[in-house]
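S.K.: I have a structure here, written as structure tokens, and I will follow up with some questions on it.
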Amino acid sequence: MGEPWQREFEFAVQVARKAGAEIRKAGDSEIRVMTKSCTVDLVTKTDERVEKIIIGSLKEEFGEGTHCFIGEESVAKGEPCVLTDKPTWIIDPVDGTTNFVHGFPFVAVSIAFAVNKELEFGVVYSCLEDKMYKARNGKGAFCNDELIQVSDVKDIKKSIIISEHGYDRRPESVTKIFSTMRKILCIPVHGLRGSGTAATNMCLVASGAVEAFFEIGIHCWDIAAGAVIVKEAGGVLLDVDGGPFDLMSRRMVSGNNDIIAKRIIQEIETFPVVRDDAPVQKK
């Protein structure tokens, strides 16, 4: 017998490339945008079409009704965002939609696969860079088939940290975001960056380009694939309060090691977010 989920893993890489090609082809021709939860949470026709391509391809390959799906655009339209024990695909068709709309060159396709609520593999295709990141549990992490590892930096003052502003623009949240950034910059670290895509940020941690990435307000589809890649590259995943990583919590710190991750956590000023799997409030 072959290794469990190997077929699914290989097909995920294929469909990520297919989706990335669709994003590149769309390019400047599809910059019409709509908003979802707020005026800075953007979605394009490309997002919706690419998600349909991915889910349609998976259903055709593995059969209708055999797997579950958590897709960013599907959830936005009212589909449930609940992780069960069933084989489940967690999909962000265009991670970095705002980048895509503005022509900022970091856009990723993110596909993860979970069974019994545990992530089995992750694929992140940074399609404008043509970088394919992938990892399976216990098999290491790769970029374009080359093994990658997190950096060995342990001195926070020699680190680069990544974070994003997120979509929560309430003044109280923005104040805490910038207060956190100020405290981290004053450690001081070498730099504070952001690519505009959580999936790419996590792959930068995994490949050793940066030491940590943290954000409050992300979604499970933003980070599920990256979580496997970071872990398999030797990194760590934690909640922003230092507790265990919870995929549905919308809060995460990924780091090259515990020392860096826990030092960053000391500076993070948290604010409330609604879990991805919270019951939908009836209107």
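The values are calculated or read from the model by the stated rules, or taken from the named source; none is laboratory data. A quick note: this is a predicted structure, and the numbers were derived from the prediction, not measured. For neighbour counting, all protein chains shown are included, and Cβ atoms are generated from backbone atoms with ideal geometry for every residue, glycine included. Surface accessibility is based on the protein's heavy atoms, side chains included, excluding ligands, DNA and RNA. Shrake-Rupley method; radii C 1.70, N 1.55, O 1.52, S 1.80 Å.
S.K.: Specify whether the C-alpha gyration tensor of region 130-210 places it in the rounded, prolate or oblate class, a ≥ b ≥ c being the square roots of the eigenvalues: rounded for a/c under 1.5, otherwise prolate if a/b is larger than b/c and oblate if not.
M.R.: The shape class here is oblate.
S.K.: Mind listing the long-range amide H neighbours of Glu120? Cut-off is under 5 Å, sequence gap 5 or more, other chains count too, H placed in the peptide plane at 1.01 Å from N.
M.R.: The answer is Phe113, Ala114, Val115.
S.K.: Using a 1.4 Å probe, how large is the accessible area of Leu147, given in Å² and rounded to the nearest 10?
M.R.: 110
S.K.: With 24 Å as the limit, write out which pairs from Lys86/Lys134; Lys18/Lys134; Lys45/Lys86; Lys59/Lys86; Lys158/Lys231; Lys131/Lys183 have Cα-Cα distances beyond it, or answer none.
M.R.: Flagged as over cut-off: Lys45/Lys86; Lys131/Lys183.
S.K.: Can you tell me, using C-alpha contacts under 8 Å and at least 6 residues apart, the relative contact order of the chain as a whole percent?
M.R.: Here the relative contact order equals 16 percent.
S.K.: Another question, then. Multiply the residue gap between Asp246 and Asn137 by 0.36 nm, knock off their C-alpha separation, and tell me the result in nm, one decimal place. Numbers along the way, then the final one.
M.R.: Details: separation 109, 0.36 × 109 = 39.24 nm, distance 1.72 nm.
The Asp246-Asn137 span can extend by a further 37.5 nm.
S.K.: Just the accessible area per residue of the chain, please: how many Å² with a 1.4 Å probe?
M.R.: 47
S.K.: If you don't mind, another one. Kirkwood Rh, region 44-163, all Cα pairs: how many Å?
M.R.: Evaluated on region 44-163, it is 16.1 Å.
S.K.: Would you please classify the overall shape of region 164-283 from the alpha carbon gyration tensor, given that a ≥ b ≥ c denote the square roots of the eigenvalues, rounded means a/c under 1.5, and beyond that prolate means a/b larger than b/c while oblate covers the rest?
M.R.: oblate
S.K.: Sort 17-23, 107-113 for me by packing, meaning the mean count of neighbouring Cβ atoms within 10 Å per residue, highest on top.
M.R.: Taking the mean over residues of other Cβ atoms within 10 Å, the ranking is 107-113, 17-23.
S.K.: Of Lys52, Lys183, Lys157, which has the most accessible area with a 1.4 Å probe, and how do the rest follow in descending order?
M.R.: Solvent-accessible surface, decreasing: Lys52, Lys157, Lys183.
S.K.: Continuing with this model, one more query. Would you work out what percent of the accessible area of the chain, with all protein chains in place, is carbon or sulfur (probe 1.4 Å)?
M.R.: Accessible surface attributable to carbon and sulfur in the chain totals 53 percent.
S.K.: To one decimal place, what Kirkwood hydrodynamic radius in Å is obtained for the chain from all pairs of distinct Cα atoms?
M.R.: For the chain, inverting the mean 1/r across all distinct Cα pairs yields 18.8 Å.
S.K.: How would Trp89, Trp5 line up by accessible area, probe 1.4 Å, largest first?
M.R.: Trp5, Trp89
S.K.: May I pose another question? Which whole-number percent is the relative contact order of region 99-229 (Cα, under 8 Å, 6+ apart)?
M.R.: With pairs under 8 Å counted, the relative contact order is 32 percent.
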